[in-house]
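Step one of this worksheet: look at the structure below.
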């Protein structure tokens with residue numbers, strides 16, 4: 001027995017082994033050189049070298065759209081305003097059939113050749129030749145793009161379509177002299193980019209890390225002050241969060257649970273975050289082709305049965321707020337009308353009124369307390385959401401509980417993304433969570449919520465408007481919006497759209513998604529913050545150029 | 001020779017069956033790659049982009065049989081196609097980014113674990129009821145029965161974060177230039193130490209037990225008694241007589257383990273942010289990247305078959321009975 005008691009060899013051996021290998025390892029990792037900003041936005045195990053700004057946004061590395069190539073105008077989604085970028089001016093001509101853009105003088109490509117309007121026309125004509133590159137669908141409304149002179153380019157429209165401006169403004173421009181010889185621009189990896197953006201020089205590219213140096217010929221003199229961007233590869237959100245917490249990363253756009261405790265409290269003087277509510281809005285979609293959800297009273301009753309305060313608390317760690325009846329996020333502050341929002345009381349948690357509305361709609365409670373249709377079948381629904389999207393799953397559970405309380409049986413059903421998306425697109429659901437579609441104006445947002453033109457028959461895959469709701473009132477306002485270039489009158493039409501949405505409740509808004517942004521000010525200053533909200537702080541907001549505003553504002557300490 | 005040819009024929013047939021299943025299974029999943037790409041964007045992509053994506057990937061509506069024949073032809077000519085998730089990189093390039101590291105990480109873990117485990121098993125059986133035999137199997141089985149993910153997380157937390165002895169992830173430090181230099185090799189070893197150690201810990205018990213149990217059985221057999229009676233040295237009896245015969249089941253296990261090395265060690269790679277095949281495979285499945293999935297499965301299939309073939313050859317050497325019947 002004494003022999004047994006002597007030792008725990010396995011444990012000892014392991015610790016000795018590890019300790020000997022670890023000999024000489026130092027605890028502190030030296031920080032990156034001054035001026036090198038470490039960014040974590042994409043989650044990958046190893047990097048593939050691809051800087052093609054035209055092909056699907058997912059394949060190219062993050063800086064391709066965020067800092068290498070630039071659009072004609074940057075849309076600042078926090079201030080809801082356009083910032084002239086490669087184009088300095090624009091005007092509508094010929095009864096709004098032609099959009100004329102003036103390009104910026106004195107911009108050079110990173111190889112030293114001058115940037116001209118011809119590059120702009122070339123880029124758009126490339127999209128026409130290769131429809132796979134036209135991810136904003138600009139050739140759905142354009143008929144012709146040509147240069148007038150070296151600084152002027154004319155976009156001719158098939159019909160008057162003012163919202164088309166937003167899509168043209170956001171297009172990244174590529175150099176004609178580089179891309180005209182590319183045989184297949186769709187599958188071109190563009191390993192050594194020639195661009196106008198602040199960061200163009202690939203200094204290092206290895207499978208776990210790459211570095212982009214600043215563009216020596218950047219058109220904003222003296223900018224960027226950041227010397228280089230560095231991108232370490234982290235395969236998962238957990239791992240990226242750890243890197244952030246342990247100061248391996250300066251700027252990130254992850255979801256971090258309990259951020260005050262996990263991140264800020266570790267270094268309160270340096271670790272900051274700002275989550276403005278400018279992401280897409282999350283909705284509970286009710287299939288309006290199926291009874292009883294074709295009845296506006298039932299949709300409003302479902303909405304009133306949801307305790308949104310609890311939902312935001314449980315699903316999102318209070319990072320968001322309950323949505324109001326317009327469904328608009330803070331990205332639309334310039335358009336949002338609070339008096340219209342206040343008139344929509346059906347987003348308030350009110351069990352008594354929900355019950356009354358359901359009774360009124362003919363869905364009476366049976367003896368067991370469960371509501372039934374007129375033919376006696378009890379109401380029983382599944383709320384669809386995506387497996388692994390824990391915020392959605394928790395939100396759906398809160399909703400299910402609310403429905404149970406008003407006598408409607410409801411359960412949460414999770415699917416893999418593809419399976420969920422297929423069902424939702426085909427309209428094969430009763431209730432499902434889903435996102436909204438965003439643009440600089442509420443036009444895109446409301447079009448995909450209630451335009452008859454976006455309603456596809458059941459069974460046919462629909463990109464948006466999964467709940468299949470068409471509103472004649474909205475159609476009218478949306479059509480007028482397409483023709484209206486005057487901001488004041490656009491605002492009135494947006495009010496009209498909000499009023500229609502509040503009245504008809506085509507979908508049930510839950511909460512606006514935050515735009516995730518965490519950063520450390522230990523090595524860089526100038527990040528957007530609540531006190532200095534000059535741009536959207538999130539590296540995830542890259543499609544309309546927000547990141548360019550941040551990258552050109554940062555200063556190394 | 002006929003034995004080897006017969007085995008080869010069998011492996012060719014298995015390869016074909018595996019290829020066919022590789023082709024069919026992913027296509028039974030709902031959705032398509034363009035749909036899957038939307039998942040990553042959660043609505044940040046305009047609906048118009050869907051059409052562009054479909055165009056990009058050239059999603060084909062050709063009949064399944066045509067697709068099948070094309071895919072077989074491509075595999076035979078070594079053309080694995082273009083990855084969807086990592087568009088427009090060829091599948092071979094994508095697989096190439098992780099393969100070396102996977103072989104290094106999982107390969108060395110299997111080699112170390114097999115060698116140490118088998119030796120310890122032999123020791124445990126030879127000195128039965130000694131302290132190795134009493135403590136080690138239970139301790140290792142105890143460790144091995146923890147969920148691996150948890151074990152790796154704890155190791156990373158204790159030795160990486162709290163004690164700071166090991167780096168927190170990656171195959172080598174960001175500021176070290178890959179080259180055949182002492183600095184680089186030390187760095188790689190330092191980065192591999194923790195993941196390899198956890199993998200070895202988790203699998204050691206299996207090798208030990210399998211070797212110990214067969215050795216005990218073999219030690220009781222007549223030919224071992226005979227060898228002892230002849231007065232051969234204990235080392236000779238242990239290694240040439242007992243171990244050689246007891247090794248057979250373990251070698252079969254080794255063949256399997258080596259084959260699966262190329263599949264990557266998903267959990268290890270995720271916990272330690274180690275580049276490799278496992279993560280690629282998950283990405284491929286998530287994005288419904290059929291070409292990448294098929295490419296990785298092909299590599300795994302071929303590796304398993306090749307490893308098994310090597311095991312067959314090892315049997316020829318280890319087991320005279322097979323050698324006799326084969327000639």
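The values are calculated or read from the model by the stated rules, or taken from the named source; none is laboratory data. Bear in mind that the values here come from a model prediction, so they are computed numbers and not experimental data. Methodologically, a virtual Cβ is constructed for each residue, glycine included, from the backbone with ideal geometry; neighbour enumeration extends over all protein chains shown.
Quick notes
- In region B:164-187, the residues that are facing chain A (nearest Cβ under 8 Å) and out of contact with any helix residue (DSSP H, G or I) (no Cβ under 7 Å at 6 or more places or on another chain): B:164, B:174, B:175
- Qualifying residue in region B:188-200 (condition: in contact with a helix residue (DSSP H, G or I) (Cβ under 7 Å, 6 or more places away or on another chain) and away from chain A (no Cβ under 11 Å)): yes
- Residues in region A:456-478 that are over 24 Å from residue A:341 (Cα atoms) and buried (at least 18 other Cβ atoms within 10 Å of the Cβ): A:462, A:463.
- The condition of being modelled with pLDDT of 90 or more and either surrounded by fewer than 23 Cβ atoms within 10 Å (Cβ to Cβ) or out of contact with any helix residue (DSSP H, G or I) (no Cβ under 6 Å at 6 or more places or on another chain) (or both) holds for only one of A:73, A:86, that being A:86.
- Yes/no for residue B:209 being surrounded by fewer than 21 Cβ atoms within 10 Å (Cβ to Cβ), under 24 Å from the mean Cα position of the chain (by Cα), within 19 Å of residue B:147 (Cβ to Cβ) and within 14 Å of chain A (Cβ to nearest Cβ): no
- Of all the residues in region A:131-157, those that are closer than 22 Å to residue A:197 by Cβ and within 14 Å of chain B (Cβ to nearest Cβ) number 5.
- Matching residues, region A:194-218, being within 14 Å of chain B (Cβ to nearest Cβ) and surrounded by fewer than 24 Cβ atoms within 10 Å (Cβ to Cβ): A:203, A:204, A:205, A:206, A:207, A:209, A:210, A:211
- No other residue among B:255, B:278 is within 14 Å of the chain's Cα centre (by Cα), within 14 Å of chain A (Cβ to nearest Cβ) and either at negative phi or surrounded by fewer than 17 Cβ atoms within 10 Å (Cβ to Cβ) (or both) apart from B:278.
- Among the residues of region A:512-534, those identified as away from chain B (no Cβ under 14 Å) and within 29 Å of residue A:283 (Cβ to Cβ) are A:517, A:518, A:528, A:530, A:533.
- A single entry from A:397, A:425 fulfils the requirement of being within 14 Å of another protein chain (Cβ to nearest Cβ) and either assigned to a helix (DSSP H, G or I) or within 19 Å of residue A:293 (Cβ to Cβ) (or both): A:425.
- Criterion applied to A:482, A:460 was being within 14 Å of chain B (Cβ to nearest Cβ) and out of contact with any helix residue (DSSP H, G or I) (no Cβ under 6 Å at 6 or more places or on another chain), and the one residue passing it is A:460.
Okay, residues lined up against (1) over 30 Å from residue A:357 (Cβ atoms); (2) touching a residue at least 60 places away in the same chain (Cβ under 8 Å); (3) in contact with a helix residue (DSSP H, G or I) (Cβ under 8 Å, 6 or more places away or on another chain); (4) within 14 Å of another protein chain (Cβ to nearest Cβ):
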{"residue": "A:220", "(1), (2), (3), (4)": "yes, yes, no, no"}
{"residue": "A:230", "(1), (2), (3), (4)": "yes, yes, no, yes"}
{"residue": "A:233", "(1), (2), (3), (4)": "yes, yes, no, yes"}
{"residue": "A:244", "(1), (2), (3), (4)": "yes, yes, no, yes"}
{"residue": "A:250", "(1), (2), (3), (4)": "yes, yes, no, yes"}
{"residue": "A:263", "(1), (2), (3), (4)": "yes, yes, yes, no"}
{"residue": "A:277", "(1), (2), (3), (4)": "no, yes, yes, no"}
{"residue": "A:296", "(1), (2), (3), (4)": "no, yes, yes, no"}
{"residue": "A:304", "(1), (2), (3), (4)": "no, no, yes, no"}
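- With respect to the conditions (1) touching a residue at least 24 places away in the same chain (Cβ under 8 Å); (2) farther than 26 Å from residue A:98 by Cα; (3) crowded, with 21+ Cβ neighbours inside 10 Å, residue A:481 lacks only one, and its number is (2).
- Residues in region A:428-469 that are assigned to a helix (DSSP H, G or I) and within 22 Å of the chain's Cα centre (by Cα): A:442, A:443, A:444, A:445, A:446, A:447, A:448, A:449, A:450, A:454.
- Within the set A:357, A:363, the sole residue that is more than 24 Å from the chain's Cα centre (by Cα), farther than 30 Å from residue A:490 by Cβ and either at pLDDT below 90 or in a loop (DSSP other than H, G, I, E, B) (or both) turns out to be A:363.
- Any chance residue A:247 is part of a loop (DSSP other than H, G, I, E, B) and either at pLDDT below 90 or under 30 Å from residue A:501 (Cβ atoms) (or both): yes
- For region B:263-275, the criterion of a residue being away from chain A (no Cβ under 14 Å), more than 30 Å from residue A:422 (Cβ to Cβ) and in a helix (DSSP H, G or I) is satisfied by no position.
- Residues considered: A:501, A:527. Of these, the only one that is within 30 Å of residue A:255 (Cβ to Cβ), modelled with pLDDT of 90 or more and outside any loop (DSSP other than H, G, I, E, B) is A:501.
- Taken over region A:279-289, residues that are modelled with pLDDT of 90 or more and more than 18 Å from residue A:406 (Cα to Cα) amount to 7.
- Lone qualifier among B:228, B:286 - being closer than 30 Å to residue A:207 by Cα and surrounded by fewer than 20 Cβ atoms within 10 Å (Cβ to Cβ): B:286
- Taking (1) farther than 15 Å from residue A:287 by Cβ; (2) free of Cβ contacts under 8 Å to residues at least 40 places away in the same chain; (3) surrounded by 22 or more Cβ atoms within 10 Å (Cβ to Cβ) in turn, residue A:420 satisfies each apart from (1).
- Reported count of residues in region A:150-164, each being within 12 Å of residue A:483 (Cβ to Cβ) and either crowded, with 17+ Cβ neighbours inside 10 Å or in contact with a strand residue (DSSP E or B) (Cβ under 7 Å, 6 or more places away or on another chain) (or both), is 5.
- Scanning region A:32-83 for residues that are touching a strand residue (DSSP E or B) at 6+ places or on another chain (Cβ under 9 Å), within 13 Å of chain B (Cβ to nearest Cβ) and in a loop (DSSP other than H, G, I, E, B) returns A:32, A:33, A:41, A:42, A:47, A:49, A:51, A:54, A:61, A:62.
Residue-wise test of (1) away from chain A (no Cβ under 13 Å); (2) over 19 Å from residue B:204 (Cα atoms); (3) crowded, with 20+ Cβ neighbours inside 10 Å.
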| position | (1), (2), (3) |
| --- | --- |
| B:101 | no, yes, yes |
| B:105 | no, no, yes |
| B:115 | yes, no, no |
| B:125 | yes, no, yes |
| B:142 | no, no, no |
| B:145 | yes, no, no |
| B:157 | no, yes, no |
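- Check on residue B:203, in the same structural domain as residue B:296 (by TED's automatic domain parsing), assigned to a helix (DSSP H, G or I) and within 30 Å of residue B:170 (Cα to Cα): yes
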